[in-house]
Amino acid sequence: MRTPVLLLLLAALNAMPSAVRAASASCDEACMLAITAAYLDALTADQPSNAPLADRVRWTENGRDIAAGDGIWRTGKAWSYRHSFVDPVAGGIGVFGTVEEEGGKRAIVAVRLKVAGRRITESEVMVSREGDFSLFDTQATEPRAIFGRIVAPEDRSSRAQLKAIAASYFRGISQVDAPVVPFHPDCNRVENGVPTTNSPPRMTNSCSGSLGRFPYMRQYRQTRYPVVDTRRGLVLAITAFDMPELHLKTIVRGRPLEISPERNHLPRTMFLYELFKVEGGKIVQIEAEMRNEPPGTSMGWPPDR
């Protein structure tokens, strides 16, 4: 009787090191947020060695491969705004923020990180400075409270549902079809720090009512969903919209709308990082950061399968 028991004990002891390694490699929300903070602090200190980096890390900025610690790491001096959101299940991290640069100017920054074994393996950054996009406001200092709010269990969506809801938004834009997007009646959107819905006198449209104003946004690609948080109803989506040269006169909600290369800066490609807050299966808040690029520019990363 002792031999089988002894064999079981030996087997358990032999298995313990791998089990311990597996446990130490796991990274919950607190762990992911700590990694995020270390990366962001290292960025503005221009000290990549202070970030928890893997031995091999791929770095890109605005879709282009860069050397470790180059780009915004060289010019960024302090964060005046940073909003972090993480996905321990997929090892994904997202950050929207504003960085103060040399000369006192500010840049809008979106960050996407990949974590494996408690180390960052991918660093993707988009930097949008004044003039890179028509909308630009760097006054925000704190994330909107709604993004941190825990969704009641009965109003939560699954990971697959959250991705599908985000995908419906891009489909609705490209098809000029608001009904395919499950907007909450009180939905609001902020783009590059500027409220673009329900904000008179300039931005008077709702989330659904504003989709018809972009008939030149018909094609998008390289779409990814690196962060999904079912407890908070968050999903980060990244995509690139290709906008061709277009001349068009149409009517949107009873008002004439003219599209032209001069008025709409066509042709161009727009890099878009979009964070959705979903409750009860409906989009209630959107925060987006974006910049313009020459037509056809690649984001540098493959789309989700």
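For residue 192, neighbours were defined as the other residues whose beta-carbon sits under 12 Å from its Cβ, and their charges (Lys and Arg +1, Asp and Glu -1) total -3. The calculated 222 nm mean residue ellipticity attributable to helices in the chain amounts to -7000 deg cm²/dmol, summing -39500 (n - 2.57) over DSSP H runs of n ≥ 4 and dividing by all residues. Just checking the listed ones, 248, 162, 53: in the Gaussian network model of the chain with Cα springs under 10 Å, the one fluctuating most is 248.
The fraction of all Cα pairs in region 146-293 landing in successive 5 Å bins from 0 to the largest distance is 2, 10, 17, 23, 21, 14, 7, 4, 1, 0, given as whole percents. Between 192, 62, 264, the residue with the greatest mean-square fluctuation in the GNM of the chain (Cα pairs under 10 Å linked by springs) is 264. Placing a label point 7 Å from the Cα of residue 80 along the Cα-to-Cβ line, the residues of region 109-142 whose backbone N sits under 11 Å from it are 137-141.
Each Lys or Arg adds one and each Asp or Glu subtracts one; over the other residues with Cβ under 13 Å from the Cβ of residue 31, this totals -1. Computed on region 29-129, the Cα convex hull volume stands at 83 Å³ per residue.
Net charge in the neighbourhood of residue 84 (other residues with Cβ under 14 Å of its Cβ; Lys, Arg +1, Asp, Glu -1) is -3.
Under the criterion of Cα pairs below 8 Å and six or more residues apart, the relative contact order for the chain equals 16 percent. Panel order for 196, 239, by other beta carbons found within 10 Å of each beta carbon, from fewest to most: 196, 239. Taking 1.002 mPa s as the viscosity and 20 °C as the temperature, the Stokes-Einstein diffusion coefficient of the chain based on its alpha-carbon Kirkwood radius rounds to 103 µm²/s. Largest GNM mean-square fluctuation among 172, 131, 209, using the chain with Cα springs under 10 Å: 131.
Taking a span of 18 Å or more along the helix axis (Cα atoms) and a mean Kyte-Doolittle hydropathy of at least 0.0 as the rule, the DSSP H helices of the chain that qualify are 2-25, 29-45. The simple spin-label model puts a point 7 Å past each Cα toward its Cβ; for residue 203 and residue 250 those points are separated by 2.2 nm. Cβ crowding within 10 Å ranks 287, 101 as 101, 287, fewest other Cβ atoms first. The ellipsoid that matches the Cα gyration tensor of region 88-164 has semi-axes, each √(5λ) in whole angstrom, of 28, 19, 12, with the longest given first.
Coordinate-derived values only; no laboratory data. What you see is a predicted model; the values in this text were computed from it and never measured. Every residue, glycine as well, gets a Cβ built from its backbone with ideal geometry; the counts of neighbours run over all protein chains shown.
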